[in-house]
Amino acid sequence: MFAVSSQILNLICTYFDFYCIFLSGSALIYLKGPKFLIYVSGALSMWGDRMWHFAISVFLIELYGRNLLLTAVFGLVVAGSVLLLGALIGDWVDRNPRNKVAHASLFIQNISVTLCSIVLMLVFSYKQRIEQIWDGWLTVVCYTVVIVLADVANLASTALTIAIQRDWIVVITGYNRGHLAGMNATMRRIDQVTNILAPLAVGQVMTLASNVVGCGFILGWNLVSLLVEFFFLSRVYRIVPALSVKAPVVELDQVYLQSTERRRSQGTNTFFYFPRIHRYEIFHGDGWRAYYRQPVFLAGLGLAFLYTTVLGFDCITTGYAYTQGISGSLLSLLMGVSAITGLMGTVMFTRLRKTYGLVNTGIISSCLHLGCLLLCVCSVFAPGSPMDLSLLMPYNSNSSTDFGRMAGQRQKHTYPLRGGSNQPLLPDQSYTSIILLFLGVITARIGLWSFDLTVTQLLQENICESERGVVNGVQSSMNYLMDLLHFIMVISAPQPQHFGILVIISVLFITTGHTMYFLYAHKAKKKRSLGT
């Protein structure tokens, strides 16, 4: 009996050993697979981007004082450059081998951030001396260098995003819609997790140490990340042969012949398979016309309208919160909470897509997004709101003294920034307004990211490979065009007392964007019903 039991035990142990070997083998295969390598590379890149985007807004506020003007100028330059060059960047992605595009974009992005961090370290360390050189003009030169380098890094990041998240993962998934949705959601979850940890890490470094140490932390991360990402992307390119194959270039004279024949044969004006065109023609508008003729044009344009907003954790919102007395540490925690809700949005997207389909998922997400943003509108009129419309009104010289005294009284929500530390959060005011604002912004991330994933997959599924880069480049330009408008609004009304007006305008633009998506959904359903 004991011998039988021993044999059974040995048999169980043998099967368990084989099972462990099988699991370890499967795990090893997955860890060496292209999906995992893309996830790790994306996580490193996103971590660096999140740290940099959080830190640069705080750095610019520190350098320029309580005003959001320099931060808005930075955003204006970044948005304007992508607006002008987005289509050309996308065409460059289309016309060059995938590995060269990824490596060049990665190198330019990380080196630009590294150089910018070095300049910021010098400015923070020798700010008083720099202000005395050339009657203060050296300070202007330093600001210009910082903004230019940050802008170059953002352009390279745009190219890398188009290449990896709009093209590579489509090829890696074998054009399978279910796998594509899963990989899109996973990439966005990684983005949200890094959005929790990266700002928290750099925010704690900046709060507990100094801005100089924060710059050094970002510098070191980018140098290490550059080497690891370069190796991983090279590995993915080698193990996925399809990545080395791209659609042939179709020149301009063939474009019109093919499109004319297609319209005659199909009896439609669709440019779903509109071939790729010359970079010069793209710059002059043909790339934009190709984007306009896409069947998902209204969905993409609706997503772009969502970028005209101050209701997100960008440099404007973080700068505004910083002027209101919120420390970098607390602000990074709030960004982490918003990332958690964004993570919930990615989970909701995958479940809604399986249950209701991709188009209906966008409708549900739109309604949820708009509903949460109503809390932000309520915050404008809630107790503790710093909004004061009288500051926008002109005044004459006779009343300048009274106006100065009144304006000084209205500044009680804004605190001086000394040595990177903030005053307590709203020590003598109601918490209602600031709570409603951040509650609306944070909860709205659920619907926002679910909607973003919906439109992203619609673009991936409905754009052919030969023009995937240029169309997504134009989409990036459209996003930044609308983003440009919100920076112009901030420049026109940079004081914290104006922020409530910007909140209302933002909600109007977001409502318009979702309305465009509703129109697209209606047309898509109508076309589907006629087709059946």
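The values are calculated or read from the model by the stated rules, or taken from the named source; none is laboratory data. Just so we're clear, the structure is a prediction, and the values are computed from it rather than from any experiment. Reconstructed Cβ throughout: ideal geometry from the backbone, glycine too, with neighbour counts over all protein chains shown. Ligands, DNA and RNA are excluded from the accessible area calculation, which covers all protein heavy atoms including side chains. Shrake-Rupley method; radii C 1.70, N 1.55, O 1.52, S 1.80 Å.
Each label point is 7 Å from the Cα along the Cα-to-Cβ direction; what then is the distance between the points at Arg235 and Lys127, in nm?
4.2
Please work out how much length the chain gains when fully extended from Lys100 to Phe36, using 0.36 nm per residue of separation minus the C-alpha to C-alpha distance, in nm with one decimal.
Gain in length upon complete extension: 21.0 nm.
Given the stretch 37-87, what whole percent of its Cα pairs are spread farther than 15 Å?
61
What's the Cα-based Rg to Rh of the stretch 23-244, Rh via Kirkwood?
We get a ratio of 1.02 for the stretch 23-244.
Quick one: what are the phi-derived ³J(HN,Hα) couplings along the stretch 296-312, Karplus 6.51/-1.76/1.60 with θ = phi - 60°, whole Hz, x for glycine and proline?
9, 4, 5, 5, x, 5, x, 5, 4, 5, 6, 7, 7, 7, 9, 9, x
Can you compute 3J(HN,Hα) from phi for each residue in the stretch 197-210, using the Karplus curve 6.51 cos²θ - 1.76 cosθ + 1.60 with θ = phi - 60°, rounded to whole Hz and x for Gly and Pro?
8, 5, x, 4, 5, 5, x, 5, 4, 5, 6, 7, 10, 6
Given the pairs Lys35/Lys526; Lys354/Lys527; Lys354/Lys525; Lys354/Lys526; Lys35/Lys354; Lys100/Lys127, which span a C-alpha to C-alpha distance of over 29 angstrom in this model?
With Cα atoms farther than 29 Å apart: Lys35/Lys526; Lys100/Lys127.
Compute the distance in nm between two label points, each set 7 Å from the Cα along the Cα-to-Cβ direction, one at Leu439 and one at Lys525.
According to this spin-label approximation, the distance is 3.2 nm.
If I model a spin label at Arg351 and Val145 as a point 7 Å from the Cα along the Cα→Cβ vector, what separation in nanometres do I get?
Going from the Arg351 label point to the Val145 one covers 5.2 nm.
Please get the size of the charge dipole for the stretch 442-532, origin at its Cα centre, with Cβ charges of +1 on Lys and Arg and -1 on Asp and Glu, quoted in debye to the nearest 20.
440
Excluding ligands, DNA and RNA, what is the solvent-accessible area per residue of the stretch 23-244 at a probe of 1.4 Å, expressed in Å²?
41
Contour minus end-to-end for Ser492 and Leu374, with contour as 0.36 nm per residue of separation and end-to-end as the Cα-Cα distance?
Length gained, Ser492 through Leu374: 40.1 nm.
Relative to the present Cα-Cα distance, how much length would full extension add between Thr512 and Ser244 at 0.36 nm per residue of separation?
Stretched out fully, the Thr512 to Ser244 stretch lengthens by 92.4 nm.
Where the only charges are on Cβ atoms (+1 Lys, Arg; -1 Asp, Glu), what is the dipole of the stretch 120-198 about its Cα centre, to the nearest 20 debye?
My answer is approximately 340 debye.
Can you tell me the FRET efficiency between Glu461 and Trp134 if r is taken as the Cβ-Cβ distance and R0 is 51 Å, rounded to the nearest 0.05?
Efficiency, from the Cβ-Cβ distance: 0.40.
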